[in-house]
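What follows is a set of notes on a single structure, which appears directly below.
All of the numbers you see were taken from the coordinates with simple rules; none came from a lab. For clarity, every value in this text was computed on a predicted model and none was experimentally measured. No Cβ is skipped: glycine too gets one built from the backbone with ideal geometry, and neighbour counts run over all protein chains shown.
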Amino acid sequence: MHGPSLLLWGNVGTGKTHQAYSAIRALTAAGCGVSWHATTAADLYGDTRPQAGVDLEHQLRRIVRVPLLLLDDVGAAKTSAWNEEILFRLVNWRCQNQLPTIFTTNLAPVRELADSPRQPVLRDLVGDRVLSRLSGMCTPVRFTGPDRRFQR
Ligand SMILES: Nc1ncnc2c1ncn2[C@@H]1O[C@H](COP(=O)(O)OP(=O)(O)O)[C@@H](O)[C@H]1O
Ligand SMILES: [Mg+2]
């Protein structure tokens, strides 16, 4: 299945994860029998860290090739050169093969002129190679408003 991807971005608690699952639910309810997988960037890095006896290539390939993937909280986990490479390979593969992917992040993709230079942005966390591919493949959707978790 080929298709467009989404980058849901905005502050913590604005409903990104909720909407990501709603989108998947809407697709499956509409009879689109696509197989899907949801994970967080932190879990992706955990599942693909070098470990004795684990076939990382197999593990990564399994996740990277899922027909519909939700990768939640990109840029939230502490990053390393290894993690950056894992994320690059995932994004590059899915971009090249036009595999529909929903990314969420608490960070703005890039720093706007009005932003403080200390304000972290996605570009700082994932690097230009990943950001460029995300920009090319995703429709960005900004989430605003208060943290819904504090509103109860
Ligand atoms: N449209 C919505 N209707 C009702 N509850 C929502 C809605 N969007 C989010 N929530 C609730 O608000 C909380 C924060 O939403 P979440 O999607 O986890 O935010 P984010 O992923 O942006 O941090 C969750 O408990 C979620 O169930
Ligand atoms: Mg979330």
Whole-Hz couplings from phi, Karplus 6.51/-1.76/1.60, listed for the range 124-133; x for Gly and Pro
4, 7, 10, x, 5, 5, 6, 4, 4, 5
With a ≥ b ≥ c taken as the square roots of the eigenvalues of the C-alpha gyration tensor of the chain, please select rounded if a/c is under 1.5 and otherwise prolate if a/b is larger than b/c or oblate if it is not?
oblate
Based on the Cβ-Cβ distance of His58 and His2, what FRET efficiency does E = 1/(1 + (r/R0)^6) give at R0 = 30 Å, to the nearest 0.05?
0.80
Assuming a ≥ b ≥ c are the square roots of the Cα gyration tensor eigenvalues, decide whether the range 61-120 counts as rounded (a/c under 1.5), prolate (otherwise, with a/b larger than b/c) or oblate.
prolate
Can you pull the Kirkwood radius for the range 1-69, inverse mean 1/r over Cα pairs, to one decimal in Å?
14.0 Å
Positive-end residue, the chain charge dipole about Cα centroid, Cβ charges, pick of Ile86, Thr14, Gln119:
Thr14
Per-residue HN-Hα couplings for the range 47-61 [Karplus 6.51, -1.76, 1.60; θ = phi - 60°; Hz; x = Gly/Pro]:
6, 10, 7, x, 9, 4, x, 10, 7, 5, 4, 5, 4, 5, 4
